[in-house]
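The block underneath contains the structure these notes are about, expressed in structure tokens.
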Amino acid sequence: MEEALTDKTVTISPASANLEQDDVDVQKHDHTQLSEETKSLDCSKSDSKLDKDDGKYQAGENSESNSVLEFKCRGDKTGDIIKHDDLSKMDESRDLESKYHCGKLNNDIQQVGLRQGKNLESKPEKGTELTMGENLAKEESDPVFDGVEVRRMEANTSASFRSLGADPKSEGSVWPEKARALRKLVKAKSVVAVTSFIRALSGRRTEFGQFPVDEGKEAPDSVKDTEPTETSQKPLDRSAWNPLKYIMSSRDVDPDNKTEQGVGVIEEPPEPIIMKGKIILYTRLGCQNCKEVRLFLYNKMLRYVEINIDVYPSRKLELEKFTGSCAVPKVFFNEIVIGGLSELKGLDESGELEDKIDYLINEAPTFEAPLPPLSGEDDVSSSGSIDELALIVRKMKESIVVKDRFYKMRRFCNCFLGSEAIDFLSETQYLEREEAIEFARKLASKLFFRHVLDENLFEDGNHLYWFLDGDPIVSSQCYNIPRGIIEAKPKSIIEIASRLRFLSCAIFEAYTSEDGKHVDYRTIHGSEEFARYLRIIEELQRIGFQDIRREQRLSFFINLYNMMAIHAILVLGHPDGALERRRLFGDFKYVIGGCTYSLLEIQNGILRANQRAPYNLMKPFAVNDKRSKAALPYPEPLIHFALVSGTRSGPALRCYSPANIDKELMDSARSFLRGGGLTIDVDAKVAYVSKILKWFSVDFGKNEAEILKHASNYLEPADSEALLELLASGQLKVVYQLYDWGLNL
């Protein structure tokens, strides 16, 4: 054994000033033996000496070729001497233990001279002494796997590694601790690997930079090193969430990787001129000159505030007061009336427009200038009579106990007992118990609350019920109930659908391109029109729409879907991958008529007559799902050319009215298919088809030939004839186009 340790040895002696008094007594008692052992040490006086101030030894002249790790015990047991030859430049005990478990640690480790108390010394034949005082202090602070420090692990065992001279029994007691540490390491590494794989699969970029560390545990070194420069982040609530930074624009995409990521190149929008003044533009719906004025100001990089006199009818009087007429468009530079499109072009040709722009840059508007639209101005959503039943329900929520309860071996959150509700109604409304039950059923029929399992409308006893805004899905995933149940009386679905269509038209005209393929999400987010839309959708909570006609149902849900998709993108951001898209389409919901609906459920459950979505095994609505009553009687294939989910390969945005819904859907189909959704190369005998026709092929036909025949009805006559001839000859090859999931900015 001594021959194997001829070159390099390590001696660690208890010379620290921090040793306890009992250890000193042991040294005095065994002074004779200690002197004999010290004589055997070959130490160079010039290279190795004792520092009495800090109790640390210095390395000898052979220390450059040695790699030593000292584990220092601070418990009441013994320390260790670890001798090894093969390890070099190992700075952390974690890495050393990892290499040992991998079989890379040499077995030339010897445990010698186990003393009483805490002294453990070695007797090397040749070599030098080496004590790592400063490095030991650093190593003791390093976490091992789960954040527990080295010294804590050593306090439970006499040694962390196998020693050739160790007793087999003591060696066996060490292995359970090493097995637990290794198991923790494998578990931690597995979690990191699985999480990284899922993020890579979805294309998501983490905001946190590091894998989260369990609370109460010490962070690993990689996290510690970044703490001075990175602040810990926590998930933000909706009020603090800033979605606009997640809307991918062309500047966020590496030009070299755009093709690889499936993101097409979009022309960078011009940055508007920064100015103290304000431009006010008066418009109205369906005005072509208003569209041209918007385009003119956009090209001049001039930011403006639009006032649509159809959306804000009270502003007609203001416009007539300033200009003597209600004609639009009218442009104001601060308080100065510029005029319409012809006046703007005249100023531009004469060069006077630059002087006007300089005036806007340097001068703020005076009190005589028109004001931008105010919050809630001319908005009937804020009007209406108060629902007395809603006031009673609000008092009920404040009085009865709402908490988590168990029912039929399941746990339900934020629910209340039916008996407690009856007690409240009996006391406050002065009703007999039977009358209170009937009154509670009336409240339930008005969609103020429902049974947690939909077993009954309302019954007295130990049945559990949720308030509408207490349903866990409603409170966590629905975005049209931010303030709880509204207290205004529900309006008719016809009235709400009319206002929604009117407002959608105003938003699409003002904040989308003329062809409807590009959307200015940032401007929509800060507009008063979008704020009014948010107030309108709150009225959908308790409406009834089961009895409306097909045309009304079709137009209402198409318009709602398109606005809901814009709302989802503004809240959640543009999805980067498949998992984020699933969250956008499946987890962003509205409460409509007391039930929750996502974008997928509106498209596939209602508009497609409860058909399975692509690559899904289940239908959106189950057999006993009361939402199935809202579904159309049969699928509408043309809706796929009207629903816009914010992608570049999707159709154009437009509004749909119940009176002309079928004609407008056919116009949308022609526009989409003729605009690139279906192209034919007659010479190559190839048809390039949008993947929309593949994903929803069951709505268009039983096979590929029937699908193309259906689509040929909306092509140009010449293209339709060529397509039908190729289909008849059987020589047509179908190639499906790549779908661009990029945002339609």
**Message:** Just to be sure I understand the filter: pairs with C-beta atoms under 8 Å, separated by 6 or more residues or on different chains, first member in the stretch 721-745 and more than 14 Å from residue 684 (Cβ to Cβ), second member part of a strand (DSSP E or B) and open to solvent by 50 Å² or more (accessible area, probe 1.4 Å). Which pairs pass?
**Reply:** 736/688; 737/688
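Considering the stretch 611-635 alone, what residues qualify as being among the polar types (S, T, N, Q) and assigned to a loop (DSSP other than H, G, I, E, B)? Before you say what the answer is, go through the steps one by one.
First, pick out the residues of the stretch 611-635 that are among the polar types (S, T, N, Q): 611, 616, 624, 628.
Passing the criteria: 611, 616, 624.
Which one of these is open to solvent by 40 Å² or more (accessible area, probe 1.4 Å) and either out of contact with any helix residue (DSSP H, G or I) (no Cβ under 7 Å at 6 or more places or on another chain) or among the basic types (Lys, Arg) (or both): 332, 322? Steps first, please.
Working: 332 fails: open to solvent by 40 Å² or more (accessible area, probe 1.4 Å).
None of the others qualify; the one that does is 322.
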**Request:** Kindly indicate whether residue 412 is in contact (Cβ under 8 Å) with a residue 12 or more places away in the chain and assigned to a strand (DSSP E or B).
**Result:** yes
**Fill in**
Among residues of the stretch 472-510 being under 31 Å from the mean Cα position of the chain (by Cα) and free of Cβ contacts under 8 Å to residues at least 24 places away in the same chain, the residue least open to solvent (accessible area, probe 1.4 Å) is 484
**Asked** Which of the residues belonging to the stretch 572-621 are open to solvent by 40 Å² or more (accessible area, probe 1.4 Å) and on the phi > 0 side of the Ramachandran plot?
**Response** 615
**Message:** Could you tell me how many of the residues in the stretch 305-319 are crowded, with 17+ Cβ neighbours inside 10 Å and not acidic (Asp, Glu)?
**Reply:** 7
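Pull up the stretch 530-540, narrow it to residues that are within 20 Å of residue 283 (Cα to Cα) and surrounded by 21 or more Cβ atoms within 10 Å (Cβ to Cβ), then point me to the one that is nearest to the chain's Cα centre (by Cα). Even if it seems obvious, please write down each step before you answer.
Our first condition is that a residue be within 20 Å of residue 283 (Cα to Cα); within the stretch 530-540, this holds for 530-533.
Pick out the ones that are also surrounded by 21 or more Cβ atoms within 10 Å (Cβ to Cβ) and you get 532-533.
On the way: 532: 25, 533: 23 Å.
Checking each candidate, the answer is 533.
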**Asked** Within the stretch 643-666, is even one residue aromatic (Phe, Trp, Tyr), farther than 27 Å from residue 499 by Cβ and under 33 Å from the mean Cα position of the chain (by Cα)?
**Response** no
**Of the criteria (1) open to solvent by less than 10 Å² (accessible area, probe 1.4 Å); (2) in a helix (DSSP H, G or I); (3) in contact (Cβ under 8 Å) with a residue 60 or more places away in the chain, which one residue 516 fails** = (2)
**Request:** Would you mind stating whether residue 381 is touching a residue at least 60 places away in the same chain (Cβ under 8 Å) and in contact with a helix residue (DSSP H, G or I) (Cβ under 7 Å, 6 or more places away or on another chain)?
**Result:** yes
**Residue pairs meeting the criteria (Cβ under 8 Å; at least 6 apart or on separate chains; first in contact (Cβ under 8 Å) with a residue 12 or more places away in the chain and under 15 Å from residue 650 (Cα atoms), in the stretch 562-575; second of a type in the set (S, T, N, Q) and surrounded by fewer than 24 Cβ atoms within 10 Å (Cβ to Cβ))** = 562/504; 563/504; 565/645
**Message:** Please determine whether any residue of the stretch 632-640 is under 26 Å from residue 578 (Cα atoms), of a type in the set (Ser, Thr, Tyr), modelled with pLDDT under 95 and open to solvent by 40 Å² or more (accessible area, probe 1.4 Å).
**Reply:** no
**Complete:** Residues in the stretch 666-704 that are within 22 Å of residue 612 (Cα to Cα), open to solvent by 20 Å² or more (accessible area, probe 1.4 Å) and aliphatic (A, V, I, L, M) total 1
**Residues (in contact with a helix residue (DSSP H, G or I) (Cβ under 9 Å, 6 or more places away or on another chain) and assigned to a helix (DSSP H, G or I)) located in the stretch 428-456** = 428, 433, 435, 436, 437, 439, 440, 442, 443
**Request:** Take the stretch 408-457 and flag every residue that is open to solvent by less than 60 Å² (accessible area, probe 1.4 Å) and at positive phi.
**Result:** 447
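The values are calculated or read from the model by the stated rules, or taken from the named source; none is laboratory data. Note that the structure is a prediction, hence the values are computed from the model and not measured. All Cβ positions, glycine included, derive from the backbone under ideal geometry; neighbour counts span all protein chains shown. What goes into the accessible areas is simple: the full protein's heavy atoms, side chains included, and nothing from ligands, DNA or RNA. Shrake-Rupley method; radii C 1.70, N 1.55, O 1.52, S 1.80 Å.
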